[in-house]
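Participant: One structure, pasted below without further comment.
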Amino acid sequence: IDAAVLAVGGWHDPYRDTVLRLVEHLSGDGGAPVRGLIGPWSHQYPDRGLPPGPAIGFLQETLRWWDHWLKDADTGVMDDPLLRAWISESHPPATVYTELPGRWVGETSWPSPAIRTTAYALPGDAPVEVASPQHTGVDAGRFFPFGNDADLPPDQREEDGRSVSFDSAPLTERVEILGRPRVRLRLTSQARRGQVIARVCDVAPDGSSTLVTRGVLNLAARHGRDHPVEWAPGTTEDVAFDLNGIGHAFPPGHRIRLSLSSAYWPWIWPQPDGDGWTVHPSHSAMDLPVRDASGDSTRPAIAFAAPEQSQPLAVEYPEPPESETPRPERRVIRDVATADWTLEVDPRYG
């Protein structure tokens with residue numbers, strides 16, 4: 001890449017990790033001019049003001065970038081930190097936020113010297129079998145959140161109950177993370193195929209569980225996505241994989257939960273004969289990118305202009321007939337007699 005790159009993403013968009021990779025690999029010697037911006041947004045432009053907010057003056061940001069590189073105007077874009085990122089404060093789950101609580105931080109290099117990897121050992125000594133029901137994942141939320149009321153994952157307590165969960169002790173101090181967590185697991189599997197889904201949740205004193213980030217490993221790809229290797233049934237191996245990047249702050253009194261499951265429908269297609277596996281907690285851990293925020297007070301504050309937009313096109317939306325009930329965005333149907341679960345998703349977004 002030779003062109004100057006302004007990489008923009010949202011923590012609730014599946015593409016956010018691309019921003020972290022670009023700022024890391026383009027900012028070295030001989031790399032292209034690059035700046036990264038990750039906010040709390042979904043799969044929408046940052047000036048739209050759709051949940052979760054807040055919105056920023058994104059058009060002004062892009063204009064600053066283009067005026068600098070296309071008109072040689074001194075707009076100060078290269079004086080901005082290499083990465084500007086949003087740190088979400090702890091918040092209840094299943095809440096539609098137009099102003100998500102949090103703040104902006106800036107990192108002048110990536111990986112940042114302010115971030116250290118902190119290992120959290122999984123409690124327990126005895127191996128634990130993980131065999132999740134196939135409807136695990138029904139509370140995953142929309143894969144591409146577009147800013148609708150039902151897009152983001154609801155309270156994860158039921159999802160945690162369909163998984164095997166490991167909790168930290170109640171935190172005695174604030175823990176702020178920025179980057180990609182990683183899990184290291186020792187597994188035994190009786191099947192040739194399978195998958196591991198790991199979720200990190202913020203558990204409040206009242207028991208509510210807010211999804212922070214998650215990641216998936218296809219066990220056949222444990223040696224690389226370009227090198228599929230089936231598992232030898234009955235054997236034990238160590239595996240490791242990264243979760244999606246995130247900026248989040250766990251407050252004192254809360255617990256950090258790692259939940260492991262072997263299914264995650266409808267995000268992940270079930271594996272043939274992948275009925276689960278056994279995890280060995282005493283040989284497993286979760287690595288969190290813990291950020292030292294003590295130096296923030298000496299750094300320049302990061303601020304954005306208010307959103308500006310052109311006049312929208314005149315569009316008329318016909319009212320549906322009175323006999324036609326609007327379809328819910330997401331509806332879960334559980335047939336208790338047959339144990340069938342159905343997830344109906346509004347198809348308006350493809």
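Participant: For the stretch 139-154 and the stretch 250-326, what is the centre-to-centre distance using only Cα atoms, to the nearest Å?
Facilitator: Result: 9 Å between the Cα centres.
Participant: Using +1 at the C-beta of Lys and Arg and -1 at the C-beta of Asp and Glu, which of THR342, GLY161, GLY102 has the Cα lying farthest in the positive direction of the dipole of the chain?
Facilitator: Of the candidates, GLY161 comes out farthest on the positive side.
Participant: Something else: Using 1/(1 + (r/R0)^6) with R0 = 22 angstrom and r between the beta carbons of ASP125 and GLN190, what's the FRET efficiency to the nearest 0.05?
Facilitator: Between ASP125 and GLN190 the formula returns 0.55.
Participant: Express the carbon and sulfur contribution to the solvent-accessible surface of the chain as a percent, rounded to the nearest whole number, probe 1.4 angstrom.
Facilitator: 52
Participant: Right, here's the next one. For a protection proxy built on the mean count of beta-carbon atoms within 10 angstrom, sort 169-180, 122-133 highest first, please.
Facilitator: The packing order, highest mean first, is 169-180, 122-133.
Participant: Right, another one. Report the one residue of THR136, GLY147, ALA191 whose Cα lies farthest in the direction of the positive end of the charge dipole of the stretch 122-195 (charges on C-beta: Lys and Arg +1, Asp and Glu -1; origin at the Cα centre).
Facilitator: ALA191
Participant: Further question: Tell me the angle of helix 58-71 to the major Cα principal axis of the chain, expressed in degrees between 0 and 90 and rounded to the nearest ten.
Facilitator: For helix 58-71, the angle is close to 60 degrees.
Participant: From the phi angles alone, apply the Karplus equation (6.51, -1.76, 1.60; θ = phi - 60°) to the stretch 234-239 and give each ³J(HN,Hα) in whole Hz, x where the residue is Gly or Pro.
Facilitator: Couplings: x, 9, 10, 9, 9, 10 Hz.
Participant: Separate question: Given a 1.4 Å probe, how much area per residue of the chain is accessible, in Å²?
Facilitator: Using a 1.4 Å probe on heavy atoms only, each residue of the chain averages 52 Å².
Participant: Continuing with the same structure: Share of antiparallel DSSP beta bridges in the chain, in percent to the nearest 5?
Facilitator: 85
Participant: Here's another thing I want to ask about it. Once every DSSP H run of n ≥ 4 in the chain is given -39500 (n - 2.57) and the sum is divided by its residues, what mean residue ellipticity at 222 nm do you get, rounded to the nearest 500 deg cm²/dmol?
Facilitator: Helix contribution divided over all residues of the chain: -2500 deg cm²/dmol.
Participant: Return the distance in nm (one decimal) between the two label points of a simple spin-label model at VAL315 and VAL229, each offset 7 Å from Cα along Cα→Cβ.
Facilitator: That separation, rounded to one decimal, is 5.0 nm.
Participant: Another one. Using the Karplus equation 6.51 cos²θ - 1.76 cosθ + 1.60 (θ = phi - 60°), what ³J(HN,Hα) coupling, rounded to whole Hz, does each residue of the stretch 103-116 give in order, writing x for Gly and Pro?
Facilitator: Once θ is set to phi - 60°, the couplings for the stretch 103-116 become 7, 8, 10, x, 10, 7, 8, 8, x, 8, x, 7, 10, 10 Hz.
Participant: Tell me the net charge near SER42. Cut-off is 14 Å between Cβ atoms, SER42 excluded, with +1 for each Lys or Arg and -1 for each Asp or Glu.
Facilitator: Within the 14 Å Cβ shell, the charges total -2.
Participant: About the Cα centre of the chain, what is the dipole size in debye to 20, counting +1 per Lys and Arg Cβ and -1 per Asp and Glu Cβ, all else neutral?
Facilitator: Roughly 760 debye, rounded to the nearest 20.
Participant: Take the Cα pairs of the stretch 230-350, get the Kirkwood Rh, then feed it into Stokes-Einstein at 25 °C and 0.890 mPa s and tell me D in µm²/s.
Facilitator: 111
The values are calculated or read from the model by the stated rules, or taken from the named source; none is laboratory data. These figures come from a predicted structure and were not determined experimentally. Note: ideal-geometry Cβ built from the backbone for every residue, glycine included; neighbour counts use all protein chains shown. Each accessible area value is taken on the protein alone, full model and side chains, heavy atoms only, with ligands, DNA and RNA left out. Shrake-Rupley method; radii C 1.70, N 1.55, O 1.52, S 1.80 Å.
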